[in-house]
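Working notes, beginning with the structure itself.
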Amino acid sequence: MTRISVKAGQRVFLDRLAKMSGQNVQQCFQCGICSGSCPMLENMDTHPRKIIRMAQFGMIEELEQANTFWICASCHACNVMCPRGVDLPRLMEALRLMTLRKNQNKVEPSRLPGEMIKEYPQIAMVSGFRKLTG
Ligand code: SF4
Ligand code: SF4
C-alpha cells in the first residue's frame, strides 16, 4: 500500500480545498476516465486526472500554475462518468475561488483591448468576468 504524507502548509491547503469543494481528492484512484471524457482537454496544459493527483500530493505551486481549472467549462461530463463519485467541476471551481480570493484575477478587465470589448457579445463578457475575476 502507498501512503501519501503532506507537510503542514499543504495540509492547510488541502483542508481548505476539501471544505470549499466538498470533495475528498483521496477518493480518486487515477483511472483517467475524467480526462478521457473532457471536451476541453485540448486546451488544458494539465489533464484533469493529473490535477487530482497533484492535489493528492499537495503540489500547490504546480496546481496554481496549471490553466486547467480556468479552462474547465463545468460541463459535468467527467463527474457523471467517475467511478469514485468525485465531483471534479466543484474541485475546479474551488481552485478558481482560492486563486481569486488572493486578489489574483485571471483576466484584468481594464487591460482588455477596446476592439475585443466592442466585438464580444455582452453576455460572454459578463460570464467571463464572473468566472475569471474576483
Ligand atoms: S474519473 Fe474519477 S477516479 Fe478516475 S481519475 Fe478522474 S477523478 Fe479519479
Ligand atoms: S467539468 Fe471541466 S474537467 Fe470535467 S469534463 Fe467538463 S470541462 Fe472537463
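Summary of values
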item: Criterion violated by residue 81 - all others in (1) closer than 22 Å to residue 133 by Cα; (2) in contact (Cβ under 8 Å) with a residue 40 or more places away in the chain satisfied; result: (1)
item: Helices (runs of 4 or more DSSP H) wholly inside region 15-134 containing at least 1 residues that are away from ligand 1 (no atom under 16 Å from the Cβ) and not hydrophobic (A, V, I, L, M, F, W, C); result: 60-65, 88-100, 114-119, 122-132
item: Residue within region 95-112 that is within 14 Å of residue 21 (Cβ to Cβ), surrounded by 11 or more Cβ atoms within 10 Å (Cβ to Cβ), in the same structural domain as residue 30 (by TED's automatic domain parsing) and touching a Phe, Trp or Tyr at 6+ places or on another chain (Cβ under 6 Å) present; result: yes
item: Test: residue 84 is in the same structural domain as residue 21 (by TED's automatic domain parsing) and either over 14 Å from the mean Cα position of the chain (by Cα) or exposed (fewer than 11 other Cβ atoms within 10 Å of the Cβ) (or both); result: yes
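The values are calculated or read from the model by the stated rules, or taken from the named source; none is laboratory data. Here the structure is a predicted model, which means the values were calculated and not measured. Note: ideal-geometry Cβ built from the backbone for every residue, glycine included; neighbour counts use all protein chains shown.
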